[in-house]
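Here the structure comes first, spelled out in structure tokens, and everything after it is commentary.
The values are calculated or read from the model by the stated rules, or taken from the named source; none is laboratory data. Predicted model only: the values in this text are computed from it and were never measured. Here the Cβ positions follow ideal geometry from the backbone for every residue, glycine too, while neighbour counts run over all protein chains shown.
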Amino acid sequence: MSQPTHPQLATSAAIFRDGKVLLVRRARSPGKGFYSLPGGRVEFGESLAEALAREVMEETGLVIDIVGLSGFREVLPKDGVGGHYLIMSFAARWVEGSPELNDELDDFQWVAPADLGQYKTTEGLAAILAMAQDLAG
């Protein structure tokens, strides 16, 4: 599959449950081997909230309550390799379900935000998580 030639809009969720946040490890590119937040591309005609709820359900099997926008991250191609993504990140609370692994994710962890440094994470995750934690309370 070739990379799109224009920026892609995506969403991600910092999902909090009992004082911990859900990290998922990507099983394929982009981000293979890195822990990140669940999420994915926004489809045409879909609101950010609809896309986020759908992507989280598809990736993890979780139902969430979206609290609010916690920031954004822009991923640019490096040396002409990779895609260009604008990722709108939201704070959310777990409602129901248990995380499930699939072809996109090969591990998940509920992590205390203070322990984030023990994981190989995507760039900018700590800053997004700090803002999300303030929103989620």
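Could you check how many residues of the stretch 95-120 are closer than 21 Å to residue 10 by Cβ and part of a strand (DSSP E or B)?
Selection size over the stretch 95-120: 4.
Here are 53, 10, 92: which of them is free of Cβ contacts under 8 Å to residues at least 40 places away in the same chain and either surrounded by 14 or more Cβ atoms within 10 Å (Cβ to Cβ) or in a helix (DSSP H, G or I) (or both)?
53
Quick check on the stretch 26-39. Is at least one of its residues in contact with a strand residue (DSSP E or B) (Cβ under 7 Å, 6 or more places away or on another chain), closer than 19 Å to residue 8 by Cα, without any contact (Cβ under 8 Å) to a residue 40 or more places away in the chain and surrounded by fewer than 18 Cβ atoms within 10 Å (Cβ to Cβ)?
Yes, the stretch 26-39 contains at least one residue that is in contact with a strand residue (DSSP E or B) (Cβ under 7 Å, 6 or more places away or on another chain), closer than 19 Å to residue 8 by Cα, without any contact (Cβ under 8 Å) to a residue 40 or more places away in the chain and surrounded by fewer than 18 Cβ atoms within 10 Å (Cβ to Cβ).
Could you tell me whether residue 123 is surrounded by fewer than 14 Cβ atoms within 10 Å (Cβ to Cβ), part of a loop (DSSP other than H, G, I, E, B) and under 14 Å from the mean Cα position of the chain (by Cα)? Spell out the reasoning first.
Values: surrounded by fewer than 14 Cβ atoms within 10 Å (Cβ to Cβ): yes; part of a loop (DSSP other than H, G, I, E, B): yes; under 14 Å from the mean Cα position of the chain (by Cα): yes.
Yes: the conditions hold for residue 123.
Looking at (1) buried (at least 18 other Cβ atoms within 10 Å of the Cβ); (2) among the aromatic types (Phe, Trp, Tyr); (3) under 25 Å from residue 5 (Cα atoms), which is the one condition that is false for residue 44?
So the condition that residue 44 fails would be (1).
Tell me the residue from 82, 45, 97 that is over 16 Å from residue 20 (Cα atoms) and at pLDDT 95 or above, please. Steps first, answer last, please.
Values: 82 fails: at pLDDT 95 or above; 97 fails: over 16 Å from residue 20 (Cα atoms).
Answer to the check: 45.
Which ones in the stretch 73-98 are over 10 Å from residue 7 (Cα atoms) and charged (D, E, K, R)?
73, 78, 79, 93, 96
Hey, among 52, 23, 62, 69, which residue is at pLDDT 95 or above and closer than 20 Å to residue 119 by Cα?
Values: 52 fails: closer than 20 Å to residue 119 by Cα; 62 fails: closer than 20 Å to residue 119 by Cα; 69 fails: closer than 20 Å to residue 119 by Cα.
Unique residue meeting the criteria: 23.
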